[in-house]
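Below: one structure, written as structure tokens.
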Amino acid sequence: MRVFKGYGNIIKRNIGMMIMYICIFVGIAIVIQKSLGDTGTVEDFSAVKLAVAVIDREGGVLGDTLKSYLEQEQTLVEIEDDEQTIQEELFYRNVRYVLIVPQGAQEAFENGETAVQTIKVPGSSTEFYLDAKINSLLNQIRVYRIGGFSLDEACGKVLALSEHKGKVTLLDINGNGGQRADYNYYFAYLPYALLAGMIMCLSTVIMAFKQKEIRRRITCSAVPLYRQNLAAAAAFLIVGLAVWGICMAVQAVLYRGGAFTSTNGIWYMLNSLACMVVAMTLAYLCGMLANTMGALNGINNVVSLGLCFLGGIFVPIEMFGSGIEKAASFLPTYWYSRINGILGDYGNLSAEMLQSILKGLAIQLLFAAACFCVTMAVSKVRQRE
Amino acid sequence: MIHIENLVKRYGDLVALDHFNLDIREGEVFGLLGPNGSGKTTAINCLLSLLKYDKGTITVFGKEMHPDSYDLKRQIGVVPQNVAVFEQMTVWENIDYFCGLYVKDREERKRLTEEAIAFVGLEDYRKMFPRKLSGGLLRRLNIACGIAHQPRLIIMDEPTVAVDPQSRNRILEGILELNRKGATVIYTSHYMEEVEQICSRIMIMDHGRSIAMGTSEELKSMIKTGETIVIEGIVLTDAQLKEIAKLPHVFDTDYNEENTLTVKCTSARHNLVRLLNYLQEQEVAFGRVLSELPTLNDVFLEITGKELRD
């Protein structure tokens, strides 16, 4: 009990540092959530309309059909039939696409040749989009022509067909209109607070207890080694659970119940708890490795920031190359971030998603176990010294 | 109380303790004296089961000492050479913490902590953190942490290293006070004056072995030197120097370029009077005259051929 109280005394002295880290983290999480999250829910769908100019030099039924068809889905813009004007309008993006129906277009079409000309912004997505639309229309007319319809009839039928519009309904797969819940952003950035806070707070305690002379004095005492280790583990566990509990309470207060109101709440809890276990074992390891407060600060920054950047906590992992993603898959923060992504994107979890979440949790706990083993090895080496 | 027999401890090829034997009786202040690397701390570490040894037996309070001999450890207090306290705890919390490693009862612990604070004179500093204390006060806190549980056996490993004279005297008086209260003390040091001042028996160690053991007087009687006479500012001829060397009980003389004469005599009466009478007869003028009785350093020097602080 006395050893436990000793840990408690030293932890008490570092609690201010821990609170500071949680406050900084909560501040950052709120700012990021406000800037990224408050874009409203997506309840409606409408296709993008592009500014398109049609220059019909022939004045036939084919040109009229193309004009009418494009008018249905795009915004038609009138421009002069002049090469310099066309280039200027495209340059200033007043129009995105210019369709020219030249003289003899119908004849060329009937002969199976290229019937229309286009001037567009090279390499743009609109180029491919509208090329595909126009080709589709011309192909449909061609099919009707082969079927024995006249060009007028074929154009009429295709236009009539294109007037039928499909109804688009958005699926609300996460119960929040497709938007991630506010508390999901909180959980997304939580690992940094847990890692940085726990390393700074608990490693300092480890550093105090591993001093050679103090270790010697405690070893000489009447307290068995197993009881000393038990006391240390209990103290760490209580601090870890308390910090985790505070973090959960903060999100519940900030977001009116937060994850507690979600159907995935239990997974949010388990994921953050696994992250806390990782943070505790890393704190133990860092405390064993560092000999001075300066060194501990350096190790803390490298470990907490490094894990958060490479694990996709601060920046989405997709922004890095596939090589980095592969390397990141060895990090617990990567799996934390993946689980948080799934929980944010989906309201009802499929069996596959559950499997993925369980795998992520298991990998985090395995990482913690590996970390603990390394710490034990380091501790043995240090004791021999 | 403590019996160590044929203890051997090796670090690779280096023999740190070479068939080391030791017997300490209850109520003693026992001094372990020796230069750095002589094996004092290794012997203490083996005694406390902090180190595994290769051969030999260690018995404390009549029982064999093992790493898990917690009933024996409960009766031992350790004051390490370097200050071993928590920077994050106050003076009171530190003493209370280390006392708590031995004493479970809260009330008793509180009483013992207060007594230890009073014993080392840290009453005015109980709420201060160690970083605010001076070197001497830190040493006192270090001692308080080791003795707060009022152990039967106290092991002090060079507790006065880098301590100012005032704090050193207070610490030495404290050790004698602890001994008067019934504690047996093992005191390791390479400061021979301290050991001579407080220890009832002394063991001189070198190369992991005991080279001499006994009271201060017993150790000094083991050597030839009984008195060393130093005369400064004296001018002598070779003939006069030869005459001095032939005086009764003189067995060694040294006359250096700074005109200082050192005469070593065996333990006998009136050596100084005889020498001064001879100089008067010869009408030799001289300056300051010093007569020194042998020290433990002389004992060590004569036995090993080197200085204790080498």
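The values are calculated or read from the model by the stated rules, or taken from the named source; none is laboratory data. Everything quoted here is computed from the prediction, not taken from an experiment. Every residue, glycine among them, receives a Cβ derived from its backbone with ideal geometry; neighbour counts consider all protein chains shown.
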**Request:** Tell me which residues, restricted to segment B:38-84, are touching a helix residue (DSSP H, G or I) at 6+ places or on another chain (Cβ under 9 Å) and assigned to a helix (DSSP H, G or I).
**Result:** B:ASN45, B:LYS73
**Request:** Scan segment B:25-57 residue by residue and report those that are touching a Leu at 6+ places or on another chain (Cβ under 7 Å) and within 14 Å of chain A (Cβ to nearest Cβ).
**Result:** B:THR42, B:ASN45, B:CYS46
**Message:** Tell me the residue from A:ARG180, A:ARG217 that is within 14 Å of another protein chain (Cβ to nearest Cβ), more than 22 Å from A:PHE372 (Cβ to Cβ) and of a type in the set (Lys, Arg), please.
**Reply:** A:ARG217
**Request:** Considering (1) in contact (Cβ under 8 Å) with a residue 24 or more places away in the chain; (2) assigned to a helix (DSSP H, G or I), say which one A:GLY347 fails and leave the rest.
**Result:** (2)
**Item:** Selection status of B:ILE154, touching a helix residue (DSSP H, G or I) at 6+ places or on another chain (Cβ under 7 Å), part of a helix (DSSP H, G or I), β-branched (Val, Ile, Thr) and under 20 Å from B:GLN75 (Cα atoms)
**Value:** no
**Prompt:** So, of the residues in segment B:210-258 that are among the polar types (S, T, N, Q) and touching a Cys at 6+ places or on another chain (Cβ under 9 Å), which turns out to be surrounded by the fewest Cβ atoms within 10 Å (Cβ to Cβ)?
**Reply:** B:THR215
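Within segment A:114-161, take every residue that is charged (D, E, K, R) and either in contact (Cβ under 8 Å) with a residue 40 or more places away in the chain or in contact with a Gly (Cβ under 6 Å, 6 or more places away or on another chain) (or both) and give me the one that is farthest from A:GLU88 (Cα to Cα).
A:ASP152
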**Message:** Just to be sure I understand the filter: pairs with C-beta atoms under 7 Å, separated by 6 or more residues or on different chains, first member in segment B:62-83 and at the interface with another protein chain (Cβ under 8 Å from one of its Cβ atoms), second member basic (Lys, Arg). Which pairs pass?
**Reply:** B:VAL78/A:ARG217; B:PRO80/A:ARG216; B:PRO80/A:ARG217; B:VAL83/B:ARG139
**Prompt:** Looking at segment A:221-235, which of its residues are more than 8 Å from chain B (Cβ to nearest Cβ) and modelled with pLDDT of 80 or more?
**Reply:** A:ARG227, A:LEU230, A:ALA231, A:ALA232, A:ALA233, A:ALA234, A:ALA235
**Odd one out for B:ARG109, checked against (1) within 11 Å of chain A (Cβ to nearest Cβ); (2) touching a strand residue (DSSP E or B) at 6+ places or on another chain (Cβ under 6 Å)** = (2)
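Looking at this structure, is B:ARG152 among the charged types (D, E, K, R) and farther than 22 Å from B:ILE2 by Cα?
Here the answer is no, as B:ARG152 does not meet what is asked.
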**Prompt:** Given B:SER69, B:SER49, which one is of a type in the set (S, T, N, Q), surrounded by 16 or more Cβ atoms within 10 Å (Cβ to Cβ), more than 16 Å from B:ILE147 (Cα to Cα) and touching a Pro at 6+ places or on another chain (Cβ under 7 Å)?
**Reply:** B:SER49
**Prompt:** Does any residue of segment A:364-376 turn out to be within 21 Å of A:ASN184 (Cα to Cα), surrounded by 13 or more Cβ atoms within 10 Å (Cβ to Cβ) and in contact with a helix residue (DSSP H, G or I) (Cβ under 9 Å, 6 or more places away or on another chain)?
**Reply:** yes
**Prompt:** Which residues, taken from segment A:1-27, are at pLDDT 80 or above, within 14 Å of another protein chain (Cβ to nearest Cβ) and over 13 Å from B:GLN88 (Cβ atoms)?
**Reply:** none
**Asked** Going by the structure shown, is B:PHE20 among the aromatic types (Phe, Trp, Tyr) and more than 9 Å from chain A (Cβ to nearest Cβ)?
**Response** yes
**Request:** Go through segment B:267-286 and give me each residue that's over 32 Å from the mean Cα position of the chain (by Cα) and part of a helix (DSSP H, G or I).
**Result:** B:VAL273, B:ARG274, B:LEU275, B:LEU276, B:ASN277, B:TYR278, B:LEU279, B:GLN280, B:GLU281
**Prompt:** For B:GLU115, are the conditions met, namely being in the same structural domain as B:ILE171 (by TED's automatic domain parsing), assigned to a helix (DSSP H, G or I), modelled with pLDDT of 90 or more and over 20 Å from B:VAL185 (Cα atoms)?
**Reply:** no
**Asked** If we keep just the residues of segment A:47-75 that are surrounded by fewer than 21 Cβ atoms within 10 Å (Cβ to Cβ) and part of a helix (DSSP H, G or I), which is modelled with the lowest pLDDT?
**Response** A:GLU73
**Request:** Please find, within segment B:85-99, the residue that is farthest from the other protein chains (Cβ to nearest Cβ) out of those that are out of contact with any Cys (no Cβ under 9 Å at 6 or more places or on another chain) and either β-branched (Val, Ile, Thr) or part of a helix (DSSP H, G or I) (or both).
**Result:** B:VAL91
**Item:** Residues that are closer than 17 Å to A:ASN271 by Cα and surrounded by fewer than 20 Cβ atoms within 10 Å (Cβ to Cβ), drawn from segment A:315-338
**Value:** A:SER329, A:PHE330
**Request:** Filter segment A:242-291 down to the residues that are free of Cβ contacts under 8 Å to residues at least 12 places away in the same chain and not in a helix (DSSP H, G or I), then identify the one that is farthest from A:GLN364 (Cα to Cα).
**Result:** A:ARG256
**Complete:** Checking A:LEU230, A:LEU241 in turn, the sole residue that is within 26 Å of A:CYS308 (Cβ to Cβ) and surrounded by fewer than 21 Cβ atoms within 10 Å (Cβ to Cβ) turns out to be A:LEU241
